[in-house]
Amino acid sequence: MLPESLTCLHNLQTLKLTASDQLLELPKGLRAMKNLWFLEIESFHSLLCTPPGLGDLIYLHELSIFIVGQDVSHQIDQLKELNLGGNLSIQGLDNVSNIEDAKRANLITKNNLTSLSLSWTIDGKKTP
C-alpha cells in the first residue's frame, strides 16, 4: 500500500504509478492533492477501485484509469466535473447501478479524450 503521507504533497502536479500486483487501493486522501494535473496508474491488476473524491481534483486533466467500485463513493459520476484529455480506461462498469449514474459522468463533454476504453467484469473476467 502507498503511504497516506504521499497525499501531503499538495503542490504535486504529476503522479505516475507503475506495476504492482500487491497494491489493492490508492491512498484515500488523494483528493487533497488539489494541484494534481496528471495521474497515471499503469499495470495495477489487483487495484479494486479508484479512491473517492477524484472528482474534487478540478485541475486533473489526464487520468489513465478509473475503476468503478461497488460503494457509492466509488461511482462513475465522480468524473462529471473533470475536463479530461488523453487516454482514459474505465473499468468495473458492471458496478454502475443505473443509467442515471452513467449519464452524470458526462462523458459526452470530454472532447479532449483521444482514447476511451470501457471494461466490464463478467464471471470474474475483465472484458475489453
_Test: residue in the stretch 56-75 that is out of contact with any strand residue (DSSP E or B) (no Cβ under 9 Å at 6 or more places or on another chain), buried (at least 16 other Cβ atoms within 10 Å of the Cβ) and in a helix (DSSP H, G or I)_ = no
*Residues being over 22 Å from LYS110 (Cα atoms) and at pLDDT 85 or above - total across the stretch 47-70*: 1
*Residues in the stretch 10-27: is at least one within 18 Å of ASN87 (Cβ to Cβ) and in contact with a His (Cβ under 8 Å, 6 or more places away or on another chain)?*
no
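Here's the yes/no breakdown for (1) modelled with pLDDT under 85; (2) under 15 Å from the mean Cα position of the chain (by Cα); (3) charged (D, E, K, R):
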site	(1), (2), (3)
LEU9	no, no, no
GLN13	no, no, no
LEU23	yes, yes, no
LEU26	no, yes, no
GLY29	no, yes, no
MET33	no, yes, no
LEU36	no, yes, no
GLU40	no, yes, yes
HIS45	yes, yes, no
*Please work out if THR114 is surrounded by fewer than 19 Cβ atoms within 10 Å (Cβ to Cβ) and modelled with pLDDT of 85 or more.*
yes
*Which pairs have Cβ atoms under 6 Å, sit 6 or more apart or on different chains, and link a residue in the stretch 8-37 that is farther than 18 Å from SER64 by Cβ to one that is part of a helix (DSSP H, G or I) and of a type in the set (Val, Ile, Thr)?*
GLY29/THR7; ALA32/THR7
*Considering (1) of a type outside the set (Asp, Glu); (2) under 26 Å from MET1 (Cβ atoms); (3) surrounded by 18 or more Cβ atoms within 10 Å (Cβ to Cβ), say which one TRP37 fails and leave the rest.*
(3)
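The values are calculated or read from the model by the stated rules, or taken from the named source; none is laboratory data. All figures in this text were calculated on a predicted structure; none of them were measured in a lab. Neighbour counts run over all protein chains shown; Cβ positions are idealised from the backbone, glycine included.
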